[in-house]
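The values are calculated or read from the model by the stated rules, or taken from the named source; none is laboratory data. Just so we're clear, the structure is a prediction, and the values are computed from it rather than from any experiment. Note that we place each Cβ from the backbone using ideal geometry, even for glycine, and neighbour counts take in every protein chain shown. All accessible areas refer to the heavy atoms of the entire protein, side chains included, with ligands and DNA or RNA removed. Shrake-Rupley method; radii C 1.70, N 1.55, O 1.52, S 1.80 Å.
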Amino acid sequence: MENLNQYEEKMSKSLDTLYNDFSTIRAGRANPHLLDKITVDYYGSPSSLQQVANITVPEARMIQIQPWESSLIKEIEKSIMCSDLGITPNNDGKVIRLVFPELTEERRKELVKDIKKKAEGTKVAIRNIRRDANDAVKKQVKASEISEDESKQFEDKIQKLTDKYISEVDKAVENKSKEIMTV
């Protein structure tokens with residue numbers, strides 16, 4: 001069981017996925033990452049919004065989208081309307097503006113609940129990786145590749161890794177919750 005790195009890498013990827021999910025949750029502030037999942041039909045092929053437009057945040061609660069080609073404005077508007085952003089785009093013929101309303105207390109609490117649910121999913125994934133690592137150790141003991149003492153050491157290391165990543169998830173939840181609940 002000389003290679004715990006593969007399990008740590010999997011745990012790290014689970015945490016990265018959580019961070020990416022958190023970056024798409026809007027906290028009353030305009031964040032260009034909210035548009036990461038939106039694609040636009042660009043001459044017949046789906047392209048990400050970042051590939052067809054310049055995205056800026058001129059104010060705390062506004063995102064400005066300036067398409068490279070003005071003919072794309074209608075297509076971009078349609079994509080935003082079909083997304084789960086819940087914001088109606090405004091355009092002046094050259095630029096699309098997304099104005100984010102202040103979040104209500106109720107909506108903030110819903111978002112925090114959603115954050116906790118995603119975090120719990122990540123914790124389950126990390127625990128599953130721990131289980132896989134422990135199973136690998138047990139197989140090696142059965143095959144007499146490592147001793148009982150070595151297996152205990154590996155299981156301790158695996159548990160420490162798991163604890164480390166679980167605490168990272170807890171920190172991420174705490175930080176994102178604080179960000180959302182701050183008015």
Entries in 109/171; 78/171; 116/160 that, when Cα-Cα distance is taken, lie over 27 Å: 78/171
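Subtract the Cα-Cα distance of residue 114 and residue 66 from 0.36 nm times their separation in residues, and report this length gain in nm to one decimal.
Going from the current span to full extension adds 14.2 nm.
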Once you mark the GluC sites (Glu not before Pro) that are in a DSSP loop and have at most 11 other Cβ atoms within 10 Å, what is the longest gap between them in the chain? 103-183
Across 123, 142, 164, the residue with the highest GNM fluctuation in the chain (Cα network, 10 Å cutoff) is 142
Rounded to 10°, Cα long-axis angle of helix 105-142 versus longest principal axis of the chain: 30
Quick one: with all protein chains in place, what share of the accessible area of segment 38-183 is carbon or sulfur, to the nearest percent (1.4 Å probe)? 50
Explain nothing, just the number: relative contact order of the chain, from Cα pairs under 8 Å at least 6 residues apart, as a whole percent. 25
Within the set 132, 163, 92, GNM on the chain using Cα springs under 10 Å gives the largest fluctuation to 92
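Considering every pair of different Cα atoms, what Kirkwood radius, in Å, is found for the chain?
Values: mean 1/r = 0.0519 Å⁻¹.
One over the average 1/r among Cα pairs gives 19.3 Å for the chain.
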